[in-house]
1. With the requirement that a residue be without any contact (Cβ under 8 Å) to a residue 24 or more places away in the chain and either under 20 Å from residue 267 (Cβ atoms) or touching a helix residue (DSSP H, G or I) at 6+ places or on another chain (Cβ under 7 Å) (or both), what does region 181-221 give you?
């Protein structure tokens, strides 16, 4: 019985020993399975971490691109600012150049105007020197007319009186007046006037001839004779008619066709010719 028990115990022990390795193997398998699961979890975690990192990297790339784009735009803005600044400088330079050009033009124009003013002043002085205090030729001739008309009124006031002295003065004035018209005034009109003006000048010359003839005839008569008085009356009528035609027909045409500067020059020449004619008259009379 004891042997049987020992045998059984021995069998149990052997069986237990055989079972122990099996448990050990099972435990080892469990441990291996657990380790595999842990490793799998670690691998999965690693993959998840990598995936998260990749996502984060991917997400950061657009931001980086956006940042680069913003940076590029930021860089572009200074470039645009530089371009605007350059354009502004060019515009300012052009404006300054135009302003300087305008200033130079104004200065040049002012200089020309000043030079012109100086030249005009010199011309005026020369003209004044040449013409003296002479006025418009028409005004000078009108003054002659008025002077003779005053003497005519004196004769008319006393038709039966002795007008020998008055006639002498009338003759002197008419001779002088006719001389300057025929030598200065009329020649200019015949050369520069139109057809109508030339016609009036020719008529004036004919009337001058008639007046000169009457003056010569009256000069040889006594102041108290009826012929003297009759011819003097005709002389007055002829001269008044001549003056009326000159002042009402000739002079307006002269104003239209001869400028003021030329009329003043003619006035100067008339005054000079009067002075010359006066000296000749005095020499001829022995005074």
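The values are calculated or read from the model by the stated rules, or taken from the named source; none is laboratory data. The structure presented is a predicted model; accordingly, all values stated were derived computationally and were not measured. With ideal geometry, Cβ positions are generated from the backbone for all residues, glycine too; neighbour counts draw on all protein chains shown.
1. Correct list: 186, 187, 190, 191, 198, 205, 217, 221.
Let's see how each residue does on (1) touching a strand residue (DSSP E or B) at 6+ places or on another chain (Cβ under 8 Å); (2) part of a helix (DSSP H, G or I); (3) in the same structural domain as residue 218 (by TED's automatic domain parsing); (4) within 19 Å of residue 217 (Cβ to Cβ):
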{"residue": "140", "(1), (2), (3), (4)": "no, yes, yes, no"}
{"residue": "147", "(1), (2), (3), (4)": "no, yes, yes, no"}
{"residue": "155", "(1), (2), (3), (4)": "no, yes, yes, yes"}
{"residue": "159", "(1), (2), (3), (4)": "no, no, yes, yes"}
{"residue": "166", "(1), (2), (3), (4)": "no, yes, yes, yes"}
{"residue": "173", "(1), (2), (3), (4)": "no, yes, yes, yes"}
{"residue": "180", "(1), (2), (3), (4)": "no, yes, yes, no"}
{"residue": "187", "(1), (2), (3), (4)": "no, yes, yes, no"}
{"residue": "191", "(1), (2), (3), (4)": "no, yes, yes, no"}
